[in-house]
Amino acid sequence: KRRFYISHKYDGCPEDLGWLTINEGFLACDWEKSDHFPTILYSETNLKTKWHN
């Protein structure tokens, strides 16, 4: 479950692009997997990033 996200493109797991996501649980994408929740993922630059595991 995604609580909050700022995305650019949501087009299936391998093509997801964005700046920030806060996940409260695992959905379907490998990059959402974690041993703990919530997780906060963010771009390390001012540019969008392709989410990956």
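The values are calculated or read from the model by the stated rules, or taken from the named source; none is laboratory data. These numbers come from a predicted model, not from an experiment. All Cβ positions, glycine included, derive from the backbone under ideal geometry; neighbour counts span all protein chains shown.
Evaluating F26 against the criteria (1) over 10 Å from the mean Cα position of the chain (by Cα); (2) at pLDDT 90 or above leaves one unmet condition, (2).
Scanning segment 4-21 for residues that are under 9 Å from K48 (Cα atoms) and either over 10 Å from the mean Cα position of the chain (by Cα) or among the acidic types (D, E) (or both) yields a single hit, H8.
Residue count for segment 1-52, restricted to those that are in contact with a Cys (Cβ under 8 Å, 6 or more places away or on another chain) and in a loop (DSSP other than H, G, I, E, B): 4. Is there a residue in segment 12-21 that is in contact (Cβ under 8 Å) with a residue 24 or more places away in the chain and among the aromatic types (F, W, Y)? Yes, because at least one residue in segment 12-21 is in contact (Cβ under 8 Å) with a residue 24 or more places away in the chain and among the aromatic types (F, W, Y). If only residues of segment 15-42 that are touching a Pro at 6+ places or on another chain (Cβ under 8 Å) and not β-branched (V, I, T) are counted, the one that is surrounded by the most Cβ atoms within 10 Å (Cβ to Cβ) is N23.
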